[in-house]
Amino acid sequence: MSKSVSRDPHAIYFDEPGVTQQSFKDECDINLIIDRARNGAAISHLNARVAQYGDFSSIPDYRSALDQVNRANGMFMELDAKVRERFANDPAKFLDFVQNPANSDELVRLGLATRKPVDTPLESNPSGLPGDSGEGSLPAEEAPKPKAGKGR
């Protein structure tokens, strides 16, 4: 004969097994959370990364950086499919390749760059005179000298 348990007619009873995962019970126990906070481990999930120190002043703000990445991705996606496939459809691999000067011949062969003309000494200094860098410049001895003035 089974023993009859008296139940309150106004209470709710949950006799079915629950779907709550008991493996997280310690993470949710308020007493354990308070103990961790007292020991300084309450924000352990925020300390997952190692602090980095350096000069990051050349990095633009978040919006500018995101816009630059989006522009680079868009330009990469405009390339021919065979070119993108050569870089495993990865814009980062493409940028690494493009920034390496040793790859300039292949960039020309792929049609992504043109050969840069080599400056001859006469093109950069047509008269051959010292201090003459081309049109409109005067030799150093004829150049106007700055006027002497009061210092700041």
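Check whether at least one residue in region 31-44 is at pLDDT 85 or above, exposed (fewer than 10 other Cβ atoms within 10 Å of the Cβ) and either out of contact with any strand residue (DSSP E or B) (no Cβ under 6 Å at 6 or more places or on another chain) or not charged (D, E, K, R) (or both), and report yes or no. Yes, region 31-44 has at least one match. Scanning region 115-135 for any residue that is at pLDDT 80 or above and surrounded by 10 or more Cβ atoms within 10 Å (Cβ to Cβ) turns up nothing. Among the residues examined, residue 96 does not qualify as charged (D, E, K, R), at pLDDT 90 or above and farther than 18 Å from residue 113 by Cα. Annotation: of all residues in region 8-30 being of a type in the set (Phe, Trp, Tyr) and over 37 Å from the mean Cα position of the chain (by Cα), the one that is modelled with the highest pLDDT is 13. The single condition from (1) of a type outside the set (Asp, Glu); (2) surrounded by 12 or more Cβ atoms within 10 Å (Cβ to Cβ); (3) free of Cβ contacts under 8 Å to residues at least 24 places away in the same chain; (4) assigned to a loop (DSSP other than H, G, I, E, B) that residue 52 fails is (2).
The values are calculated or read from the model by the stated rules, or taken from the named source; none is laboratory data. Note that the structure is a prediction, hence the values are computed from the model and not measured. Using ideal geometry, Cβ is built from the backbone for each residue, glycine included, and neighbour counts are taken over all protein chains shown.
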